[in-house]
Amino acid sequence: MPTLKHLNALDYSVVVCYLLMVAGVGIYFARFNRKTSDYFKAGGKLPWVISSLSMFVSGFSAFMFVSASGFTYRNGLSSILLFSSGFLAYMLGYFIFGKLWRRARLDSPMELLTRRYSQSTTYYYSLISVIPNILLMGALIYTLCIFISSALGFGKLHLSLGALSFSGFELTLVAVGAVLLLYTVLGGLWAVAITDTLQFLIMLLMTLAVFPLSFMYLGDGNFLEGFRQLRQQAPPGLLSLTSINLPFLFVLAFWLQNFLGYNANWHIGQRYYSIADERDTKKMAATCAVFSLVAPLMWILPVLVARIIFPDMQALWPELTEPTEASFASLCLLMLPHGLLGVVVSAILAASMSSADSTFNWLAAVITKDVFVPISRRVNQGREPSDRLQLVIGKLTVMAVGILAILASLSMQKFGGSFDIYLKIYSITVPAMFVPVFI
């Protein structure tokens, strides 16, 4: 079994610089949040390039590099049938949903339900959306910290403070959550979108490094030879598109769920209605469609190489509940030089933070605009709370939702692999949220 590197001071400094950078973005863009429309929709002036990159990266997370890599390790190339499903979904947004979201001219996603149905419907869906999405974000942060704690070498550490004892995993989780909350609470949607764009660039850099290097490693320095070695050494079924170990109905349901989610999910709508020009919605959807087809393939193929190099992940990561979920991390720790390892860790951080910050922002928009404001109006005999008060409530809501998500993630080690946790929560709670948008 090959020996893996451990991160050194150079890698740690890269990660720290990344965290300081995103925190700095939040602090800088705090000055632009004079009104709730600035905080929740960037004043309707978000450039389409930034909005499209933000929409793309907020559609996935460390799930792709942890849970999905474990699934790919076990099921082979057929996993592309699941993870490329965003392409057709975004094309539907290109032709139909992008322009409809933009024409709605909303201040919060749930405002659509008030217009179409009633305020009571909005109350209902607003309230039932909070707990499921907190759990989803908890699962997302949990998945992220599996990778981060393993890559940083913190997984086996323990810190005792009197009667309290913390694992390295738990400390990693709390630290990452704190930085995420800092820039999301302060910066609003501007900070979310700008950091998402920076995070996309970091992930692109990681992908352009890992993809060729993995095949060059397998091919002893020759990129094309790496592909030939993969074909020759692949276990039976690894390169088959029909070997997926899932029922056909599950695959169909997964596609349908993503088909709906990439058009009706609230953060998707928020990106569409936060740009200035309806014509730009087509550019956004087309950009996301292309990336959704190409990017998963560039992340999946290196994991197939990892299956050849690391045939026994259990021996490599005995402390993990699902060792195969560390397959992508193991590949990076084997191949990449110091410095680039720090970039990889930062990229995985970026993947999850881009999804979590979006959810925190739109949840706060819903609770502030669609729950707090109508209730306050009733209590105060029709007088609407000041925009300044709404902005304060929005920031406090982001903080509260984020803290609850961190607490939820701390309890998820008891429930098995992160792929199963994520799918169970998502399949039970999220599809029902899409229904009102399509009816």
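The values are calculated or read from the model by the stated rules, or taken from the named source; none is laboratory data. All figures in this text were calculated on a predicted structure; none of them were measured in a lab. Cβ atoms come from the backbone with ideal geometry, glycine included; neighbour counts cover every protein chain shown.
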Does any residue of the range 184-195 turn out to be touching a strand residue (DSSP E or B) at 6+ places or on another chain (Cβ under 8 Å), part of a loop (DSSP other than H, G, I, E, B) and on the phi < 0 side of the Ramachandran plot? no
Quick check on the range 187-203. Is at least one of its residues over 30 Å from S108 (Cβ atoms) and among the β-branched types (V, I, T)? no
Please determine, by comparing only the residues of the range 56-90 that are modelled with pLDDT of 85 or more and among the β-branched types (V, I, T), which one is nearest to I348 (Cα to Cα). V57
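Residue check: is S358 closer than 21 Å to F169 by Cα, polar (S, T, N, Q) and either free of Cβ contacts under 8 Å to residues at least 60 places away in the same chain or touching a helix residue (DSSP H, G or I) at 6+ places or on another chain (Cβ under 9 Å) (or both)?
Numbers: closer than 21 Å to F169 by Cα: no; polar (S, T, N, Q): yes; either free of Cβ contacts under 8 Å to residues at least 60 places away in the same chain or touching a helix residue (DSSP H, G or I) at 6+ places or on another chain (Cβ under 9 Å) (or both): yes.
So S358 does not fit the description; no.
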Number of the condition not met by A315 [criteria: (1) assigned to a helix (DSSP H, G or I); (2) of a type in the set (G, A, S); (3) touching a helix residue (DSSP H, G or I) at 6+ places or on another chain (Cβ under 7 Å); (4) at pLDDT below 90]: (3)
How many of the residues making up the range 34-74 are among the β-branched types (V, I, T) and more than 25 Å from G86 (Cα to Cα)? 1
Of the numbered conditions (1) at pLDDT below 80; (2) in a helix (DSSP H, G or I); (3) of a type outside the set (D, E); (4) within 21 Å of L7 (Cα to Cα), V174 satisfies every one except a single condition; which is it? (1)
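Could you look through the range 359-416, keep only residues that are in a helix (DSSP H, G or I) and charged (D, E, K, R), and pick out the one that is farthest from S126 (Cα to Cα)? Can you show your working first?
To start, the set of residues in the range 359-416 that are in a helix (DSSP H, G or I) comprises 359-379, 387-410, 412-415.
Keeping just the survivors that are charged (D, E, K, R) gives 369-370, 377-378, 387-388, 395, 414.
Numbers: K369: 10, D370: 7, R377: 17, R378: 18, D387: 20, R388: 22, K395: 17, K414: 29 Å.
If we take residues in the range 359-416 being in a helix (DSSP H, G or I) and charged (D, E, K, R), then K414 is farthest from S126 (Cα to Cα).
Taking the condition part of a helix (DSSP H, G or I) and hydrophobic (A, V, I, L, M, F, W, C), does F60 pass? Before you say what the answer is, go through the steps one by one.
Values: part of a helix (DSSP H, G or I): no; hydrophobic (A, V, I, L, M, F, W, C): yes.
Spelling it out, it is not the case that F60 is part of a helix (DSSP H, G or I) and hydrophobic (A, V, I, L, M, F, W, C).
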Please enumerate the residues belonging to the range 166-175 that are touching a Ser or Thr at 6+ places or on another chain (Cβ under 8 Å) and touching a residue at least 24 places away in the same chain (Cβ under 8 Å). F169, T172, L173
Name the single residue, out of those in the range 332-358 being under 24 Å from the mean Cα position of the chain (by Cα) and outside any helix (DSSP H, G or I), that is farthest from F211 (Cα to Cα). G339
If we scan the range 58-74, do we find a residue that is surrounded by fewer than 21 Cβ atoms within 10 Å (Cβ to Cβ), of a type in the set (S, T, N, Q) and out of contact with any Leu (no Cβ under 9 Å at 6 or more places or on another chain)? no
Tell me, please, whether a residue that is buried (at least 18 other Cβ atoms within 10 Å of the Cβ), under 30 Å from E111 (Cα atoms) and of a type in the set (D, E, K, R) can be found in the range 290-310. no
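Hey, any hits in the range 207-219 for a residue that's more than 13 Å from P302 (Cα to Cα) and either at pLDDT below 90 or in a helix (DSSP H, G or I) (or both)?
No - not one qualifying residue is present in the range 207-219.
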From the residues in the range 224-283 that are aliphatic (A, V, I, L, M), buried (at least 21 other Cβ atoms within 10 Å of the Cβ) and not in a helix (DSSP H, G or I), which one is farthest from the chain's Cα centre (by Cα)? I244
